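The values are calculated or read from the model by the stated rules, or taken from the named source; none is laboratory data. Small disclaimer: the values here were computed from a predicted structure and weren't measured. Methodologically, a virtual Cβ is constructed for each residue, glycine included, from the backbone with ideal geometry; neighbour enumeration extends over all protein chains shown.
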Protein chains: 2
Amino acid sequence: MKLSTKGRYAVTAMMDLAIHDREGPVTLADISQTQGISLSYLEQLFAKLRKRGLVEGVRGPGGGYRLARMPHQITVAEIITAVDENVDVMRCHGDGNCQDGVRCLTHELWAELSNRLYEFLDGITLDQFVERPEIREIARRQDEEAKRMNFVFPRPAA
Amino acid sequence: MKLSTKGRYAVTAMMDLAIHDREGPVTLADISQTQGISLSYLEQLFAKLRKRGLVEGVRGPGGGYRLARMPHQITVAEIITAVDENVDVMRCHGDGNCQDGVRCLTHELWAELSNRLYEFLDGITLDQFVERPEIREIARRQDEEAKRMNFVFPRPAA
DNA sequence: TTTATTCTTGACTGTTTTACTTGGTTATTG
DNA sequence: CAATAACCAAGTAAAACAGTCAAGAATAAA
Ligand code: FES
Ligand code: FES
(Lines give C-alpha, C1' and ligand atoms only; values in the text may rest on other atoms or scores of the structure.)
(Ligands and ions follow the chains in the order given, each with its own letter.)
Protein backbone atom coordinates (compact mmCIF):
# COMPACT_ATOMS: atom_id res chain seq x y z
CA MET A 1 0.00 0.00 0.00
CA LYS A 2 1.11 3.48 -0.68
CA LEU A 3 -0.52 6.58 0.68
CA SER A 4 0.64 9.55 -1.35
CA THR A 5 -0.71 12.80 -2.71
CA LYS A 6 -2.10 10.88 -5.63
CA GLY A 7 -4.47 8.83 -3.51
CA ARG A 8 -5.26 11.88 -1.42
CA TYR A 9 -6.29 13.84 -4.48
CA ALA A 10 -8.46 11.00 -5.64
CA VAL A 11 -10.25 10.69 -2.32
CA THR A 12 -10.68 14.46 -2.10
CA ALA A 13 -12.25 14.57 -5.54
CA MET A 14 -14.51 11.61 -4.82
CA MET A 15 -15.67 13.30 -1.66
CA ASP A 16 -16.49 16.46 -3.57
CA LEU A 17 -18.44 14.30 -5.97
CA ALA A 18 -20.32 12.59 -3.17
CA ILE A 19 -21.31 15.91 -1.63
CA HIS A 20 -22.68 17.38 -4.84
CA ASP A 21 -24.16 14.14 -6.06
CA ARG A 22 -27.78 15.30 -5.94
CA GLU A 23 -27.16 18.41 -8.01
CA GLY A 24 -26.33 16.42 -11.12
CA PRO A 25 -22.95 15.71 -12.70
CA VAL A 26 -19.94 17.64 -11.40
CA THR A 27 -17.39 18.95 -13.87
CA LEU A 28 -13.70 18.39 -13.37
CA ALA A 29 -13.15 22.10 -13.87
CA ASP A 30 -15.32 22.70 -10.80
CA ILE A 31 -13.41 20.21 -8.69
CA SER A 32 -10.15 21.65 -9.92
CA GLN A 33 -11.14 25.13 -8.80
CA THR A 34 -12.86 24.16 -5.57
CA GLN A 35 -10.24 21.74 -4.30
CA GLY A 36 -7.18 23.33 -5.84
CA ILE A 37 -6.08 20.37 -7.93
CA SER A 38 -4.67 20.64 -11.44
CA LEU A 39 -7.37 19.97 -14.03
CA SER A 40 -5.23 17.81 -16.30
CA TYR A 41 -4.03 15.82 -13.34
CA LEU A 42 -7.61 15.20 -12.32
CA GLU A 43 -8.30 13.93 -15.81
CA GLN A 44 -5.64 11.26 -15.39
CA LEU A 45 -6.98 10.23 -12.01
CA PHE A 46 -10.58 10.08 -13.19
CA ALA A 47 -9.61 7.96 -16.17
CA LYS A 48 -8.46 5.35 -13.66
CA LEU A 49 -11.46 5.80 -11.41
CA ARG A 50 -13.73 5.29 -14.37
CA LYS A 51 -11.96 2.12 -15.45
CA ARG A 52 -12.51 0.74 -11.97
CA GLY A 53 -16.19 1.52 -12.20
CA LEU A 54 -16.20 4.06 -9.38
CA VAL A 55 -17.44 7.01 -11.44
CA GLU A 56 -19.16 7.52 -14.75
CA GLY A 57 -18.70 10.42 -17.12
CA VAL A 58 -21.50 12.40 -18.75
CA ARG A 59 -20.47 14.27 -21.85
CA GLY A 60 -21.66 17.48 -23.35
CA PRO A 61 -22.95 20.68 -21.75
CA GLY A 62 -24.27 20.14 -18.27
CA GLY A 63 -22.20 16.99 -18.13
CA GLY A 64 -19.45 16.03 -15.77
CA TYR A 65 -18.77 13.09 -13.50
CA ARG A 66 -21.09 11.25 -11.19
CA LEU A 67 -20.60 8.46 -8.68
CA ALA A 68 -21.29 5.08 -10.22
CA ARG A 69 -22.54 3.75 -6.90
CA MET A 70 -24.05 5.00 -3.68
CA PRO A 71 -21.58 6.74 -1.36
CA HIS A 72 -21.92 3.99 1.23
CA GLN A 73 -20.80 1.45 -1.37
CA ILE A 74 -17.54 3.22 -2.17
CA THR A 75 -14.63 2.64 0.18
CA VAL A 76 -11.43 4.59 0.60
CA ALA A 77 -9.50 1.40 -0.15
CA GLU A 78 -11.07 1.13 -3.58
CA ILE A 79 -10.29 4.72 -4.43
CA ILE A 80 -6.66 4.47 -3.40
CA THR A 81 -6.01 1.16 -5.12
CA ALA A 82 -7.66 2.53 -8.25
CA VAL A 83 -5.12 5.32 -8.70
CA ASP A 84 -2.07 3.77 -7.03
CA GLU A 85 -1.28 0.84 -9.23
CA ASN A 86 1.56 -0.70 -7.25
CA VAL A 87 -0.16 -1.61 -4.05
CA ASP A 88 2.48 -4.24 -3.38
CA VAL A 89 3.18 -4.25 0.32
CA MET A 90 4.97 -7.53 -0.27
CA ARG A 91 7.96 -7.94 -2.52
CA CYS A 92 6.64 -11.36 -3.57
CA HIS A 93 3.11 -10.10 -4.31
CA GLY A 94 1.76 -12.93 -2.21
CA ASP A 95 3.64 -15.70 -3.96
CA GLY A 96 6.07 -16.31 -1.11
CA ASN A 97 9.17 -16.50 -3.28
CA CYS A 98 11.09 -13.25 -2.93
CA GLN A 99 14.04 -14.96 -1.25
CA ASP A 100 15.58 -16.98 -4.10
CA GLY A 101 12.26 -18.65 -4.75
CA VAL A 102 11.45 -19.40 -1.14
CA ARG A 103 9.56 -17.56 1.54
CA CYS A 104 11.42 -14.69 3.14
CA LEU A 105 11.63 -13.75 6.80
CA THR A 106 9.02 -11.06 6.77
CA HIS A 107 6.48 -12.60 4.44
CA GLU A 108 4.04 -13.33 7.20
CA LEU A 109 4.42 -9.93 8.72
CA TRP A 110 3.62 -8.18 5.46
CA ALA A 111 0.82 -10.52 4.63
CA GLU A 112 -0.82 -9.83 7.96
CA LEU A 113 -0.12 -6.14 7.78
CA SER A 114 -1.48 -5.98 4.27
CA ASN A 115 -4.65 -7.79 5.22
CA ARG A 116 -5.45 -5.72 8.24
CA LEU A 117 -4.56 -2.51 6.50
CA TYR A 118 -6.85 -3.27 3.63
CA GLU A 119 -9.68 -4.34 5.91
CA PHE A 120 -9.29 -1.10 7.77
CA LEU A 121 -9.37 1.13 4.71
CA ASP A 122 -12.13 -0.97 3.25
CA GLY A 123 -14.25 -0.19 6.28
CA ILE A 124 -14.28 3.51 5.56
CA THR A 125 -16.92 4.55 3.04
CA LEU A 126 -17.55 7.96 1.54
CA ASP A 127 -20.89 8.47 3.26
CA GLN A 128 -19.27 8.26 6.69
CA PHE A 129 -17.83 11.70 6.10
CA VAL A 130 -20.16 13.58 3.80
CA GLU A 131 -22.95 13.45 6.37
CA ARG A 132 -20.97 15.18 9.07
CA PRO A 133 -22.03 18.78 9.78
CA GLU A 134 -18.42 20.02 9.90
CA ILE A 135 -17.79 18.63 6.46
CA ARG A 136 -21.01 20.05 5.04
CA GLU A 137 -20.07 23.42 6.48
CA ILE A 138 -16.72 23.35 4.69
CA ALA A 139 -18.43 22.28 1.48
CA ARG A 140 -20.88 25.16 1.78
CA ARG A 141 -18.03 27.62 2.26
CA GLN A 142 -16.23 26.22 -0.76
CA ASP A 143 -19.34 26.57 -2.89
CA GLU A 144 -19.81 30.20 -1.90
CA GLU A 145 -16.18 30.90 -2.58
CA ALA A 146 -16.53 29.38 -6.04
CA LYS A 147 -19.67 31.40 -6.73
CA ARG A 148 -17.93 34.59 -5.66
CA MET A 149 -15.10 33.84 -8.06
CA ASN A 150 -17.32 33.12 -11.02
CA PHE A 151 -19.65 36.11 -10.68
CA VAL A 152 -17.17 38.76 -9.75
CA PHE A 153 -18.40 40.76 -12.77
CA PRO A 154 -22.04 39.62 -13.19
CA ARG A 155 -22.97 42.38 -15.57
CA PRO A 156 -20.81 45.44 -16.20
CA ALA A 157 -22.84 48.50 -15.33
CA ALA A 158 -23.90 49.87 -18.73
CA MET B 1 2.39 7.36 6.32
CA LYS B 2 4.20 5.77 3.45
CA LEU B 3 4.76 2.05 3.10
CA SER B 4 7.49 1.43 0.55
CA THR B 5 10.42 -0.89 -0.03
CA LYS B 6 12.49 1.36 2.17
CA GLY B 7 10.42 0.70 5.24
CA ARG B 8 10.17 -2.95 4.29
CA TYR B 9 13.94 -3.26 4.17
CA ALA B 10 14.23 -1.58 7.53
CA VAL B 11 11.69 -3.88 9.16
CA THR B 12 13.29 -6.93 7.56
CA ALA B 13 16.69 -5.94 8.87
CA MET B 14 15.34 -5.22 12.34
CA MET B 15 13.67 -8.59 12.38
CA ASP B 16 16.93 -10.28 11.47
CA LEU B 17 18.53 -8.36 14.29
CA ALA B 18 15.85 -9.41 16.75
CA ILE B 19 16.25 -13.07 15.84
CA HIS B 20 20.01 -13.13 16.29
CA ASP B 21 20.00 -10.80 19.25
CA ARG B 22 21.39 -13.33 21.74
CA GLU B 23 24.39 -14.26 19.61
CA GLY B 24 25.97 -10.85 20.01
CA PRO B 25 26.14 -7.98 17.50
CA VAL B 26 25.08 -8.71 13.93
CA THR B 27 27.13 -7.25 11.10
CA LEU B 28 25.50 -5.39 8.23
CA ALA B 29 27.42 -7.62 5.82
CA ASP B 30 25.61 -10.60 7.33
CA ILE B 31 22.19 -9.00 6.96
CA SER B 32 23.09 -7.91 3.45
CA GLN B 33 23.90 -11.48 2.46
CA THR B 34 21.11 -13.19 4.36
CA GLN B 35 18.30 -10.87 3.38
CA GLY B 36 19.55 -9.84 -0.03
CA ILE B 37 19.81 -6.11 0.62
CA SER B 38 22.61 -3.86 -0.63
CA LEU B 39 25.21 -3.28 2.08
CA SER B 40 25.63 0.44 1.49
CA TYR B 41 21.91 0.91 1.40
CA LEU B 42 21.67 -0.83 4.75
CA GLU B 43 24.26 1.56 6.12
CA GLN B 44 22.06 4.49 5.21
CA LEU B 45 19.02 2.93 6.77
CA PHE B 46 20.85 2.00 9.95
CA ALA B 47 22.20 5.51 10.27
CA LYS B 48 18.61 6.65 10.62
CA LEU B 49 17.64 3.79 12.89
CA ARG B 50 20.55 4.66 15.13
CA LYS B 51 19.61 8.33 15.28
CA ARG B 52 16.15 7.30 16.42
CA GLY B 53 17.63 5.16 19.16
CA LEU B 54 16.36 1.86 17.80
CA VAL B 55 19.76 0.21 17.35
CA GLU B 56 23.29 0.75 18.57
CA GLY B 57 26.46 0.07 16.67
CA VAL B 58 29.52 -1.75 17.99
CA ARG B 59 32.71 -0.96 16.12
CA GLY B 60 35.71 -3.04 15.38
CA PRO B 61 36.14 -6.77 14.80
CA GLY B 62 33.33 -8.83 16.26
CA GLY B 63 31.21 -5.71 16.17
CA GLY B 64 27.99 -5.02 14.34
CA TYR B 65 24.56 -3.77 15.31
CA ARG B 66 22.35 -4.67 18.22
CA LEU B 67 18.83 -3.69 19.23
CA ALA B 68 18.85 -0.76 21.60
CA ARG B 69 15.72 -2.06 23.31
CA MET B 70 13.90 -5.30 23.89
CA PRO B 71 12.03 -6.63 20.85
CA HIS B 72 8.68 -6.13 22.56
CA GLN B 73 9.49 -2.45 22.98
CA ILE B 74 10.11 -1.83 19.28
CA THR B 75 7.09 -1.28 17.06
CA VAL B 76 6.79 -1.46 13.30
CA ALA B 77 5.52 2.12 13.32
CA GLU B 78 8.75 3.34 14.89
CA ILE B 79 10.88 1.54 12.34
CA ILE B 80 8.96 2.85 9.37
CA THR B 81 8.81 6.43 10.57
CA ALA B 82 12.52 6.28 11.33
CA VAL B 83 13.53 5.66 7.73
CA ASP B 84 10.64 7.40 5.95
CA GLU B 85 11.01 11.00 6.98
CA ASN B 86 7.99 12.48 5.26
CA VAL B 87 5.16 10.81 7.08
CA ASP B 88 2.74 13.51 5.97
CA VAL B 89 -0.56 11.85 5.29
CA MET B 90 -2.05 15.31 5.43
CA ARG B 91 -1.15 18.13 3.13
CA CYS B 92 -1.48 20.58 6.03
CA HIS B 93 0.66 18.49 8.41
CA GLY B 94 -2.07 18.80 10.99
CA ASP B 95 -2.35 22.59 10.83
CA GLY B 96 -5.68 22.59 9.00
CA ASN B 97 -4.74 25.25 6.48
CA CYS B 98 -4.03 23.56 3.17
CA GLN B 99 -7.02 25.24 1.49
CA ASP B 100 -5.92 28.88 1.24
CA GLY B 101 -5.27 28.96 4.94
CA VAL B 102 -8.47 27.22 5.96
CA ARG B 103 -9.42 23.64 6.62
CA CYS B 104 -9.97 21.52 3.52
CA LEU B 105 -12.71 19.03 2.82
CA THR B 106 -10.76 15.92 3.68
CA HIS B 107 -8.82 17.17 6.68
CA GLU B 108 -10.87 15.15 9.12
CA LEU B 109 -10.71 12.04 7.02
CA TRP B 110 -6.93 12.11 6.83
CA ALA B 111 -6.56 13.01 10.47
CA GLU B 112 -8.66 10.04 11.49
CA LEU B 113 -7.03 7.75 8.96
CA SER B 114 -3.60 8.85 10.08
CA ASN B 115 -4.40 8.27 13.72
CA ARG B 116 -5.85 4.84 13.32
CA LEU B 117 -3.15 3.75 10.92
CA TYR B 118 -0.45 4.77 13.34
CA GLU B 119 -2.17 3.14 16.27
CA PHE B 120 -2.44 -0.04 14.26
CA LEU B 121 1.22 -0.16 13.23
CA ASP B 122 2.22 0.92 16.70
CA GLY B 123 0.51 -2.14 18.10
CA ILE B 124 2.79 -4.52 16.23
CA THR B 125 6.09 -5.20 17.97
CA LEU B 126 9.06 -7.20 16.74
CA ASP B 127 8.67 -9.97 19.30
CA GLN B 128 5.21 -10.84 17.98
CA PHE B 129 6.85 -12.42 14.99
CA VAL B 130 10.29 -13.66 16.01
CA GLU B 131 8.76 -16.15 18.43
CA ARG B 132 6.68 -17.93 15.82
CA PRO B 133 7.93 -21.38 14.83
CA GLU B 134 7.42 -20.71 11.09
CA ILE B 135 9.60 -17.64 11.31
CA ARG B 136 12.28 -19.40 13.34
CA GLU B 137 12.30 -22.16 10.75
CA ILE B 138 12.93 -19.67 7.95
CA ALA B 139 15.65 -18.00 10.01
CA ARG B 140 17.31 -21.38 10.59
CA ARG B 141 17.26 -22.13 6.88
CA GLN B 142 18.76 -18.72 6.11
CA ASP B 143 21.54 -19.31 8.61
CA GLU B 144 22.43 -22.68 7.11
CA GLU B 145 22.39 -21.18 3.66
CA ALA B 146 24.77 -18.45 4.81
CA LYS B 147 27.08 -20.98 6.45
CA ARG B 148 27.14 -23.06 3.30
CA MET B 149 28.12 -20.00 1.30
CA ASN B 150 30.91 -18.98 3.62
CA PHE B 151 32.47 -22.38 4.08
CA VAL B 152 32.18 -23.69 0.59
CA PHE B 153 35.94 -24.38 0.72
CA PRO B 154 36.56 -25.07 4.42
CA ARG B 155 39.99 -26.50 3.85
CA PRO B 156 41.23 -27.62 0.45
CA ALA B 157 42.14 -31.26 0.67
CA ALA B 158 45.92 -31.15 0.96
C1' DT C 1 -26.98 22.20 -37.87
C1' DT C 2 -23.94 24.62 -35.75
C1' DT C 3 -21.65 25.43 -31.48
C1' DA C 4 -20.23 25.24 -26.97
C1' DT C 5 -19.35 22.13 -23.42
C1' DT C 6 -17.23 18.41 -21.38
C1' DC C 7 -15.25 14.06 -21.35
C1' DT C 8 -11.35 11.31 -23.23
C1' DT C 9 -6.79 10.17 -24.77
C1' DG C 10 -1.85 10.35 -25.51
C1' DA C 11 2.42 12.23 -25.20
C1' DC C 12 5.56 15.12 -22.89
C1' DT C 13 8.26 17.61 -18.94
C1' DG C 14 10.46 18.92 -14.56
C1' DT C 15 11.10 17.43 -9.89
C1' DT C 16 11.56 14.21 -6.21
C1' DT C 17 12.32 9.74 -4.36
C1' DT C 18 14.39 5.11 -4.64
C1' DA C 19 17.79 2.02 -4.51
C1' DC C 20 22.28 1.62 -5.06
C1' DT C 21 27.49 2.73 -5.76
C1' DT C 22 31.98 4.65 -4.78
C1' DG C 23 35.30 5.98 -1.83
C1' DG C 24 36.58 7.23 1.97
C1' DT C 25 37.36 7.94 7.78
C1' DT C 26 37.25 6.47 12.18
C1' DA C 27 37.21 3.08 16.20
C1' DT C 28 38.31 -1.64 18.06
C1' DT C 29 40.40 -6.09 18.32
C1' DG C 30 44.22 -9.35 18.07
C1' DC D 1 50.34 -2.99 12.84
C1' DA D 2 46.65 -5.08 10.17
C1' DA D 3 42.17 -6.64 9.84
C1' DT D 4 37.47 -5.61 10.83
C1' DA D 5 33.33 -3.22 10.76
C1' DA D 6 30.85 0.86 11.92
C1' DC D 7 30.47 5.55 10.19
C1' DC D 8 30.18 9.33 6.64
C1' DA D 9 29.61 12.06 2.18
C1' DA D 10 28.73 12.30 -2.58
C1' DG D 11 27.02 10.96 -6.68
C1' DT D 12 23.85 8.35 -9.98
C1' DA D 13 20.42 5.75 -12.93
C1' DA D 14 15.88 4.70 -13.00
C1' DA D 15 11.44 5.15 -11.49
C1' DA D 16 7.47 7.52 -9.64
C1' DC D 17 5.11 11.79 -8.94
C1' DA D 18 2.77 15.99 -10.16
C1' DG D 19 1.61 18.50 -13.66
C1' DT D 20 1.27 20.39 -18.66
C1' DC D 21 -0.17 20.54 -23.46
C1' DA D 22 -2.71 19.45 -27.36
C1' DA D 23 -6.06 17.04 -30.07
C1' DG D 24 -10.25 14.56 -30.54
C1' DA D 25 -15.04 12.64 -29.74
C1' DA D 26 -19.67 12.75 -27.82
C1' DT D 27 -23.53 15.33 -26.67
C1' DA D 28 -26.81 18.98 -25.23
C1' DA D 29 -28.33 23.46 -26.23
C1' DA D 30 -28.98 27.37 -29.43
S1 FES E 1 7.42 -10.96 1.03
FE2 FES E 1 6.62 -12.91 0.46
S3 FES E 1 8.40 -14.12 0.31
FE4 FES E 1 9.21 -12.21 0.84
S1 FES F 1 -5.41 18.22 5.09
FE2 FES F 1 -5.60 19.53 6.76
S3 FES F 1 -6.50 21.30 5.88
FE4 FES F 1 -6.29 19.98 4.18
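Here B:GLY53 clears all of (1) at negative phi; (2) out of contact with any Phe, Trp or Tyr (no Cβ under 7 Å at 6 or more places or on another chain) except the condition numbered (1). Take B:ILE138 and decide whether it is more than 30 Å from A:TYR9 (Cα to Cα), modelled with pLDDT of 90 or more, away from DNA strand C (no atom under 16 Å from the Cβ) and touching a Cys at 6+ places or on another chain (Cβ under 9 Å). Yes.
Among the residues of the stretch B:103-126, those identified as closer than 17 Å to A:ALA111 by Cα and surrounded by 13 or more Cβ atoms within 10 Å (Cβ to Cβ) are B:LEU117, B:PHE120, B:LEU121, B:ASP122, B:ILE124, B:THR125, B:LEU126. Number of residues in the stretch B:22-68 that are within 28 Å of A:CYS92 (Cα to Cα) and in contact with a Pro (Cβ under 7 Å, 6 or more places away or on another chain) equals 2. Contact map, the stretch B:19-30: residues that are within 14 Å of chain A (Cβ to nearest Cβ) paired with residues that are within 12 Å of DNA strand C (Cβ to nearest atom), Cβ distance under 7 Å, separation 6+ or inter-chain. Pairs shown: B:VAL26/B:GLY64. If you filter the stretch A:80-110 down to residues that are assigned to a helix (DSSP H, G or I) and within 11 Å of chain B (Cβ to nearest Cβ), you find that the one that is nearest to DNA strand D (Cβ to nearest atom) is A:ILE80. When the stretch B:37-49 is filtered for residues that are touching a residue at least 12 places away in the same chain (Cβ under 8 Å) and either in a helix (DSSP H, G or I) or away from chain A (no Cβ under 14 Å) (or both), the ones remaining, listed by number, are B:TYR41, B:LEU42, B:GLU43, B:LEU45, B:PHE46, B:LYS48, B:LEU49.
Here B:ARG91 fits the description: within 30 Å of A:ARG141 (Cβ to Cβ) and surrounded by fewer than 20 Cβ atoms within 10 Å (Cβ to Cβ).
Go through the residues of the stretch B:65-73 one by one and say whether even a single one is within 14 Å of chain A (Cβ to nearest Cβ), away from ligand 1 (no atom under 16 Å from the Cβ) and either farther than 20 Å from B:PHE129 by Cβ or under 13 Å from the mean Cα position of the chain (by Cα) (or both).
Yes, because at least one residue in the stretch B:65-73 is within 14 Å of chain A (Cβ to nearest Cβ), away from ligand 1 (no atom under 16 Å from the Cβ) and either farther than 20 Å from B:PHE129 by Cβ or under 13 Å from the mean Cα position of the chain (by Cα) (or both).
Taken over the stretch B:40-70, the criterion of being surrounded by fewer than 13 Cβ atoms within 10 Å (Cβ to Cβ), over 12 Å from B:LEU17 (Cα atoms) and more than 10 Å from DNA strand D (Cβ to nearest atom) is satisfied by B:GLY53 alone.
Of everything listed in (1) farther than 13 Å from B:GLN142 by Cβ; (2) crowded, with 19+ Cβ neighbours inside 10 Å; (3) within 14 Å of chain A (Cβ to nearest Cβ), the single unmet condition for B:ASP16 is (1). Among the residues in the stretch B:51-68, are any in contact with a Leu (Cβ under 9 Å, 6 or more places away or on another chain), without any contact (Cβ under 8 Å) to a residue 24 or more places away in the chain and in a helix (DSSP H, G or I)? Within the stretch B:51-68, not a single residue is in contact with a Leu (Cβ under 9 Å, 6 or more places away or on another chain), without any contact (Cβ under 8 Å) to a residue 24 or more places away in the chain and in a helix (DSSP H, G or I).
For the stretch B:1-36, residues that are more than 13 Å from DNA strand D (Cβ to nearest atom) and not in a helix (DSSP H, G or I) total 2. Which numbered condition in (1) in contact with a Ser or Thr (Cβ under 8 Å, 6 or more places away or on another chain); (2) modelled with pLDDT of 90 or more; (3) of a type outside the set (S, T, N, Q) is the only one that A:CYS104 fails? (2) is the only condition that A:CYS104 fails. B:ARG116 falls short of the stated requirement of being assigned to a helix (DSSP H, G or I), more than 26 Å from A:LEU3 (Cβ to Cβ) and modelled with pLDDT under 90. Looking across the stretch A:97-119 at every residue that is free of Cβ contacts under 8 Å to residues at least 12 places away in the same chain and within 30 Å of A:ALA18 (Cβ to Cβ), the one that is nearest to ligand 1 (Cβ to nearest atom) is identified as A:ASN115.
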